[in-house]
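The values are calculated or read from the model by the stated rules, or taken from the named source; none is laboratory data. Note that the structure is predicted; figures quoted are calculated from it, not measured. Cβ placement follows ideal geometry from the backbone for every residue including glycine, while neighbour counts extend to all protein chains displayed.
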Amino acid sequence: MTLFQISEPGESAAPHEARLAAGIDLGTTNSLVATVKSGMATVLNDEQGRPLLPSIVRYLPDGTAQVGYEAGDWQAKDPRNTIVSVKRFMGRGVRDIAYGEALHGEMLPYEFVDAPGMARLRTCAGVKSPVEISAEILKAARARAEAHLGGELAGVVITVPAYFDDAQRQATRDAARLAGLNVFRLLNEPTAAAIAYGLDNAAEGIYAVYDLGGGTFDISILKLSRGVFEVLATGGDSALGGDDFDQRIFCWVLEEARLPPLSSEDARLIMVRVREAKEFLSRHDKAPITVKLSSGLTVDLTLDARTFATITENLVARTLRAVKKALRDAKLLPEEVKGVVMVGGSTRMPQVQRAVAGAFGRQPLNNLDPDKVVALGAAIQANLLVGNRTGEDWLLLDVIPLSLGLETMGGLTEKIIPRNAAIPAARAQEFTTFRDGQAAMSIHVVQGEREMVADCRSLARFELKGIPPMVAGAARIRVTFQVDADGLLSVRAREETAGVEAEVTVKPSYGLSDDEIAAMLKDSAAHAREDAQRRALKEAQVEAQRLIEATEAALREDVRLLAAEEIARIETAIARLQTLILGDNRREITLAMDDLAYETQEFARRRMDQGIQRALAGKRVEELARGAASAPPMPAEPSGAFAPSGLPAPSASEASASRPEKTT
Amino acid sequence: MSITLTEQAAQHVARYLEKRGKGLGLRLGVRTSGCSGMAYKLEFVDEAQGDDEVYESHGVKVFVDAKSLPYLDGTELDYGREGLKEGFRFNNPNIRNQCGCGESFSV
């Protein structure tokens, strides 16, 4: 017998056609799965009614894996094969992990194997990558969702921290693929929380997401405009969370009760009571802490809310410092924030609520379960993307944090997709060759706001080979940049006449942190003027070089059309321009170019006449073109100190070159 | 002629409506499609239609259009769970056959 959910008016799915979707909060410590049922986002519990899925995987010698509570039970007994917090290793190399260990002052019980791109772990079931381990968690999440929904998932939305870089995002996506999940999109955790509160339908403006979890603290400043959330700044402390609050109470108990050094069993017992007391204090003024120790000694204390607030004051203050820094990075004042969303179980503590309210001068949003809010937001987004609410055609979008472009002649950046463009995005632009007979073009993909490539970040390089021989400026090479819904970039170059194509998907091994992005943006603003001047100079230099090469090629070919003194005058003009190119006086270069153009006017006319006569004599134009490029094709590698010969030059036909064409 | 909700079903509907923030009640209906000829409709109601019959059950208004009514008369809508799966169940006395999954039926 089928179980039905209620649809929106007029949107009952045809039988067997209901498309199932879920949101997955793939957390460091715990994961959650949620879905939208009868219009309501709900977290899905396991058979025992527990909402959490501990992000723990244990490998067994037979190659199978246990996930969740079942695996968690083995943490102490089989640490090497029981992997916790695998999210911290996603897209990370061995060196990053060692650095993280030092930062957290801990020794991880795993045996790491260095591998290109990402560290791997040696377990009794073989060497496993963090992607494979995460896939096990996602498989368990998928099984839970499919058991609840009674069918196969059409797709999921998985949340990732806002500071996750491209490598970490790609790793998460790979894990999902391995788990047999179709990922509609990866969603930033703070954005998901904002969606759960319906802020995407709220007034445009700035929102803050304060996320205090068990072991980490994150603050994100989001800007909502036209239904699009943009992450303006992130900050936090990867070693500050609810566990630190437990530790403070634990120390207070030791002092108050004047306890002698404890056995680890007693310490664990006290810790359990301490945690209960902390949770009790979220709803009450006082919490009893009563523990009977193995020595027969009884601890009997009462912790009141005020004392709790005092002993944890500096922990809360640390979070507020990160909040202030994030606001400063975003160049915002607390008053400009329209709403504050609370995420993470630790935000239940009243002193945290008070402090956040004080810092922003407004009550934070806290009426949803802070442990579930990210998963709920992901579920709402998944429900939208699966197309269950066809009535609304808006989709929540993320934006590109830094412009994407490529290097053109002279080391200049040509921006193809500007920063803050909504993703998914695709733009194409046409480029042309710089030299006669240029057979290859090297495409250098960069990210950043600066005019010079050297000041931007290099993402990838590839070569388009097999360009048919043509005179400089005749080839039409269409370069398409495409950013998919997860922010992954692919670049395709296509030579239009011969149809040769080359493509690259950019999976930078390490992306940019938000701090780096902010720094790059600041740089670009600071250098805007100077950059513009440098760009104009470079453009003049490139143009001058092109003119010289074209003239020299023509001379080689048709020198017989000129008298000796004409040749001398042209050569003088070339030499003068050649010298000026090396300098930095743009005006002089432009004037010298005009001179050279003037000296070659008559030459150009004679060549044209001759061309027409040849054509009339029955020769095919293609043969002429081939004749003109009989020199060997120019290599794609830079051949001189100044001019990397193979780089694309902006197309001569300005109209098509300067106006990026939208393809989607 | 009547259509009813069980108390449990009514509670869930009321909760969903409250969460949704709008809506007059619940619409039950049938339409012709599916592997066995007919399929159920279960939707929120924002606007009543001209030919709607309206029933009230445990405080929840149930709307059924005149065309669907003969196929649904006597139906009791229940809420239940099977394993991890939860949702609404049509207990419809008019059904003769239904497809294996129960999403469509014939009368």
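Looking at the stretch B:37-95, which of its residues are more than 9 Å from chain A (Cβ to nearest Cβ), among the aromatic types (Phe, Trp, Tyr) and closer than 18 Å to residue A:8 by Cα?
The answer is B:63, and nothing else.
Anything in the stretch A:508-554 that is modelled with pLDDT of 85 or more and of a type in the set (S, T, N, Q)? List them, or say none.
Listed by number, the residues that qualify are A:541, A:545, A:551.
If only one of A:158, A:219, A:249 is touching a Gly at 6+ places or on another chain (Cβ under 7 Å), modelled with pLDDT of 90 or more and hydrophobic (A, V, I, L, M, F, W, C), which one is it?
Details: A:158 fails: touching a Gly at 6+ places or on another chain (Cβ under 7 Å); A:249 fails: touching a Gly at 6+ places or on another chain (Cβ under 7 Å).
Selected residue: A:219, the only one of A:158, A:219, A:249 that is touching a Gly at 6+ places or on another chain (Cβ under 7 Å), modelled with pLDDT of 90 or more and hydrophobic (A, V, I, L, M, F, W, C).
Is it the case that the stretch B:32-41 has a residue that's at pLDDT 85 or above, surrounded by fewer than 19 Cβ atoms within 10 Å (Cβ to Cβ) and within 30 Å of residue A:142 (Cβ to Cβ)?
no
From the list A:267, A:322, pick out the single residue that is over 30 Å from residue A:195 (Cβ atoms), surrounded by 13 or more Cβ atoms within 10 Å (Cβ to Cβ) and of a type outside the set (Ser, Thr, Tyr).
Numbers: A:322 fails: over 30 Å from residue A:195 (Cβ atoms).
The match here is A:267.
Sort through A:225, A:282, A:263 and tell me the only one that's under 34 Å from the mean Cα position of the chain (by Cα) and among the hydroxyl-bearing types (Ser, Thr, Tyr).
Working: A:282 fails: under 34 Å from the mean Cα position of the chain (by Cα); A:263 fails: under 34 Å from the mean Cα position of the chain (by Cα).
The conditions single out A:225.
Could you check the stretch A:100-207 for strands (runs of 3 or more DSSP E) lying wholly inside it with 3 or more residues that are free of Cβ contacts under 8 Å to residues at least 60 places away in the same chain? Steps first, answer last, please.
Working: elements: A:111-113, A:120-123, A:126-128, A:153-160, A:183-188.
Because the criterion is at least 3 residues that are free of Cβ contacts under 8 Å to residues at least 60 places away in the same chain, the strands (runs of 3 or more DSSP E) in the stretch A:100-207 that meet it are A:111-113, A:120-123.
Going through the stretch A:164-216 one residue at a time, which ones are of a type in the set (Asp, Glu) and closer than 29 Å to residue A:331 by Cβ?
Matches in the stretch A:164-216: A:165, A:166, A:189, A:200, A:204, A:211.
List pairs: first residue in the stretch A:560-575 and within 17 Å of residue A:608 (Cα to Cα), second residue modelled with pLDDT under 90 and of a type in the set (S, T, N, Q) anywhere in the structure, Cβ distance under 9 angstrom, at least six positions apart or on different chains.
Within 9 Å, the pairs are A:561/A:610.
Name every residue in the stretch A:417-458 that is in contact with a Pro (Cβ under 6 Å, 6 or more places away or on another chain) and surrounded by 23 or more Cβ atoms within 10 Å (Cβ to Cβ), in order of residue number. Even if it seems obvious, please write down each step before you answer.
First pass over the stretch A:417-458, keeping only residues in contact with a Pro (Cβ under 6 Å, 6 or more places away or on another chain): A:427, A:429, A:431, A:437, A:439, A:441.
Those that are in contact with a Pro (Cβ under 6 Å, 6 or more places away or on another chain) and surrounded by 23 or more Cβ atoms within 10 Å (Cβ to Cβ): A:429, A:431, A:441.
Is it true that residue A:68 is at positive phi and surrounded by fewer than 20 Cβ atoms within 10 Å (Cβ to Cβ)? It would help to see each step written out before you state the result.
Details: at positive phi: yes; surrounded by fewer than 20 Cβ atoms within 10 Å (Cβ to Cβ): no.
Judged against the criteria, residue A:68 is not a match.
Which condition from (1) β-branched (Val, Ile, Thr); (2) outside any loop (DSSP other than H, G, I, E, B); (3) more than 11 Å from chain B (Cβ to nearest Cβ) is the one that residue A:28 breaks?
Only one criterion is unmet by residue A:28, namely (2).
Given A:244, A:237, which one is closer than 23 Å to residue A:309 by Cβ and in contact with a Lys or Arg (Cβ under 7 Å, 6 or more places away or on another chain)? Break it down into steps so the answer makes sense when it comes.
Numbers: A:244 fails: in contact with a Lys or Arg (Cβ under 7 Å, 6 or more places away or on another chain).
Only one candidate passes the filter, namely A:237.
Taking the stated definitions as given, is residue A:292 of a type in the set (Lys, Arg) and either more than 15 Å from residue A:206 (Cα to Cα) or surrounded by 16 or more Cβ atoms within 10 Å (Cβ to Cβ) (or both)? Quick ask: steps written out before the conclusion?
Working: of a type in the set (Lys, Arg): yes; either more than 15 Å from residue A:206 (Cα to Cα) or surrounded by 16 or more Cβ atoms within 10 Å (Cβ to Cβ) (or both): yes.
Yes.
Of all residues in the stretch A:453-499, which are among the β-branched types (Val, Ile, Thr) and within 26 Å of residue A:550 (Cα to Cα)?
Start the filter on the stretch A:453-499 by keeping residues that are among the β-branched types (Val, Ile, Thr), which leaves A:453, A:467, A:471, A:477, A:479-480, A:483, A:491, A:497.
Within the stretch A:453-499, A:453, A:467, A:471, A:477, A:479, A:497 qualify.
What number of residues in the stretch A:35-51 are buried (at least 19 other Cβ atoms within 10 Å of the Cβ) and more than 12 Å from every other protein chain (Cβ to nearest Cβ)?
Going through the stretch A:35-51 one residue at a time, the tally reaches 1.
Could you list all residues from the stretch A:214-234 that are crowded, with 24+ Cβ neighbours inside 10 Å and either out of contact with any strand residue (DSSP E or B) (no Cβ under 7 Å at 6 or more places or on another chain) or in contact (Cβ under 8 Å) with a residue 40 or more places away in the chain (or both)? Break it down into steps so the answer makes sense when it comes.
Initially, the stretch A:214-234 is screened for residues crowded, with 24+ Cβ neighbours inside 10 Å, giving A:217-222, A:229, A:234.
Once the filter is applied, which keeps residues that are crowded, with 24+ Cβ neighbours inside 10 Å and either out of contact with any strand residue (DSSP E or B) (no Cβ under 7 Å at 6 or more places or on another chain) or in contact (Cβ under 8 Å) with a residue 40 or more places away in the chain (or both), the stretch A:214-234 yields A:217, A:218, A:219, A:220, A:221, A:229, A:234.
Identify, by number, the condition in (1) away from chain B (no Cβ under 14 Å); (2) modelled with pLDDT of 95 or more that residue A:173 doesn't meet.
(2)
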